[in-house]
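The values are calculated or read from the model by the stated rules, or taken from the named source; none is laboratory data. If you're wondering where the values come from, they're calculated on a predicted model, not measured in any experiment. Every residue, glycine as well, gets a Cβ built from its backbone with ideal geometry; the counts of neighbours run over all protein chains shown.
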Amino acid sequence: MAKTSTDIKSIGIIGAGQMGNGIAHVAAQSGFEVTMVDVNPASLEKALATIAKNMDRQVQKGGLTEADKKAAESRLHTSIKVADLEKCDLIIEAATENEEIKKKIFREVDAIAQKSCLIASNTSSISITRLAAVTSRPEKFIGLHFMNPVPMMALVEIIRGLATSQETYERVLEVAEKMGKTVATSEDVPGFIVNRLLLPMLNEACYALQEGVADVRSIDTAMKLGAGHPMGPLQLADFIGLDTCVAIMRVLHNELGDSKYRPSPLLVKFVDAGWLGKKSGRGFYDYSDPANPKPSR
């Protein structure tokens with residue numbers, strides 16, 4: 001008898017960055033046993049501290065009881081070894097947006113995971129079909145793209161590769177719904193839905209700044225008040241990570257071949273300078289005073 005989604009009890013997560021720890025938070029809170037893996041022990045410690053802080057905030061706001069928080073934390077485990085995911089029912093990769101790094105991870109995961117294990121990538125733009133092809137189980141491979149910050153954002157994109165089976169899709173769909181997410185299903189195309197539409201807008205805001213159309217605050221204020229966006233495009237780019245924005249634009253540019261997807265030279269320059277946005281303390285805004293970020297230029 002084929003496994004159903006109710007058999008998915010344990011989830012492995014590779015990567016303890018902002019996406020990995022967010023997915024781990026939501027999965028543990030939703031009743032799954034979670035093992036979060038990262039090669040850097042300090043990253044795991046930081047991730048656990050972030051999850052605890054975010055859960056405390058939920059408790060303070062009445063969205064989570066203290067008992068539920070403790071139960072969720074008891075389901076959350078960490079490791080520096082991918083081999084410790086060998087008994088997981090679903091493994092989600094949330095590593096850096098680099099195709100070769102992801103492929104290396106998936107080869108390692110495929111070698112240690114039990115035969116019935118499903119494998120998912122949280123990639124925001126890379127071909128699911130290509131990533132699945134490096135494994136021996138492309139029919140059990142799928143894209144599961146969460147939005148940042150994961151505990152707050154309701155959406156998850158599910159992307160089927162060419163070989164992904166209907167059973168895999170249905171099982172992962174139920175996992176996403178058990179996590180309280182609303183699902184949008186995308187074809188396996190560069191950028192999927194959200195980033196295919198969002199990143200060119202953020203990139204165009206960078207071009208507008210580069211060409212002197214307006215300054216940082218004016219661009220963000222115009223889109224917040226003129227288009228009803230909760231966050232301006234440059235502030236949002238900082239929040240996503242400017243290196244991630246460049247990586248996604250390069251995928252769109254390389255895969256679709258249209259010059260309209262070329263990353264803004266100013267955006268690339270910021271990344272070259274190490275100004276990656278909020279996570280590095282500086283991007284289009286300077287976050288040295290977190291309560292009052294000021295434009296960097």
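What is the residue count in the range 147-161 for residues that are of a type in the set (A, V, I, L, M, F, W, C) and either outside the structural domain of Ala113 (by TED's automatic domain parsing) or closer than 23 Å to Ser116 by Cβ (or both)? Walk me through it before giving the result.
Pass one, the range 147-161, residues of a type in the set (A, V, I, L, M, F, W, C): 147, 150, 152-156, 158-159.
Applying the additional criterion that residues be either outside the structural domain of Ala113 (by TED's automatic domain parsing) or closer than 23 Å to Ser116 by Cβ (or both) yields 156, 158-159.
Number of matching residues: 3.
Counting just the residues of the range 272-297 that are outside any helix (DSSP H, G or I) and among the acidic types (Asp, Glu), which one comes out farthest from Pro200 (Cα to Cα)?
Restricting attention to the range 272-297, the residues satisfying the condition of being outside any helix (DSSP H, G or I) are 273-277, 281-297.
Narrowing the set further to residues that are among the acidic types (Asp, Glu) leaves 286, 289.
On the way: Asp286: 23, Asp289: 29 Å.
That would be Asp289.
From the set of residues in the range 148-162 that are surrounded by 17 or more Cβ atoms within 10 Å (Cβ to Cβ) and aliphatic (A, V, I, L, M), which is farthest from Arg250 (Cα to Cα)?
Val150
Do we find that Ala111 is more than 28 Å from Asn254 (Cβ to Cβ), small (Gly, Ala, Ser) and out of contact with any strand residue (DSSP E or B) (no Cβ under 9 Å at 6 or more places or on another chain) in this structure? If you could, list the steps in order and put the result at the bottom.
Working: more than 28 Å from Asn254 (Cβ to Cβ): yes; small (Gly, Ala, Ser): yes; out of contact with any strand residue (DSSP E or B) (no Cβ under 9 Å at 6 or more places or on another chain): yes.
Yes, satisfied.
Only helices (runs of 4 or more DSSP H) wholly contained in the range 13-99 count here; list those with 3 or more residues that are modelled with pLDDT of 95 or more and polar (S, T, N, Q). Explain how you work it out, then say what you get.
Numbers: elements: 18-29, 41-60, 66-74.
It comes to 41-60.
Within the range 117-233, which helices (runs of 4 or more DSSP H) (wholly inside it) include 2 or more residues that are over 20 Å from Val26 (Cα atoms) and in contact (Cβ under 8 Å) with a residue 60 or more places away in the chain? Give the steps one after another, and end with the answer.
Numbers: elements: 128-132, 166-178, 194-210, 216-227.
Answer list for the range 117-233: 194-210, 216-227.
I'd like to check something: does the range 260-271 contain any residue that is farther than 26 Å from Phe146 by Cα, modelled with pLDDT of 95 or more and not in a helix (DSSP H, G or I)?
The answer is no, given that none of the residues of the range 260-271 is farther than 26 Å from Phe146 by Cα, modelled with pLDDT of 95 or more and not in a helix (DSSP H, G or I).
List pairs: first in the range 234-259 and on the phi > 0 side of the Ramachandran plot, second in a loop (DSSP other than H, G, I, E, B), Cβ under 8 Å, 6+ apart or cross-chain?
Partner pairs satisfying both residue conditions: Gly241/Leu276.
Within the range 83-141, can you find the residues that are buried (at least 16 other Cβ atoms within 10 Å of the Cβ) and among the polar types (S, T, N, Q)?
Within the range 83-141, Ser121, Asn122, Thr123, Ser124, Ser125, Ser127, Thr129, Thr135 qualify.
Collect the residues in the range 26-79 that are among the basic types (Lys, Arg) and more than 23 Å from Ile105 (Cα to Cα), keeping them in residue-number order. Before you say what the answer is, go through the steps one by one.
First pass over the range 26-79, keeping only residues among the basic types (Lys, Arg): 46, 53, 57, 61, 69-70, 75.
Within the range 26-79, Lys53, Arg57, Lys61, Lys69, Lys70, Arg75 qualify.
Please state which one of Thr168, Thr182, Thr164 is β-branched (Val, Ile, Thr), under 16 Å from the mean Cα position of the chain (by Cα) and outside the structural domain of His253 (by TED's automatic domain parsing). Full working, then the answer.
Values: Thr168 fails: under 16 Å from the mean Cα position of the chain (by Cα); Thr164 fails: under 16 Å from the mean Cα position of the chain (by Cα).
It is Thr182.
Just to be sure I understand the filter: pairs with C-beta atoms under 8 Å, separated by 6 or more residues or on different chains, first member in the range 59-86 and closer than 21 Å to Lys9 by Cβ, second member charged (D, E, K, R). Which pairs pass?
Lys69/Asp56; Arg75/Glu33; His77/Glu33; Thr78/Asp38; Val82/Glu108
Identify all residues within the range 36-61 that are farther than 28 Å from Ser280 by Cβ and either within 19 Å of the chain's Cα centre (by Cα) or surrounded by 13 or more Cβ atoms within 10 Å (Cβ to Cβ) (or both); write none if there are none.
Val59
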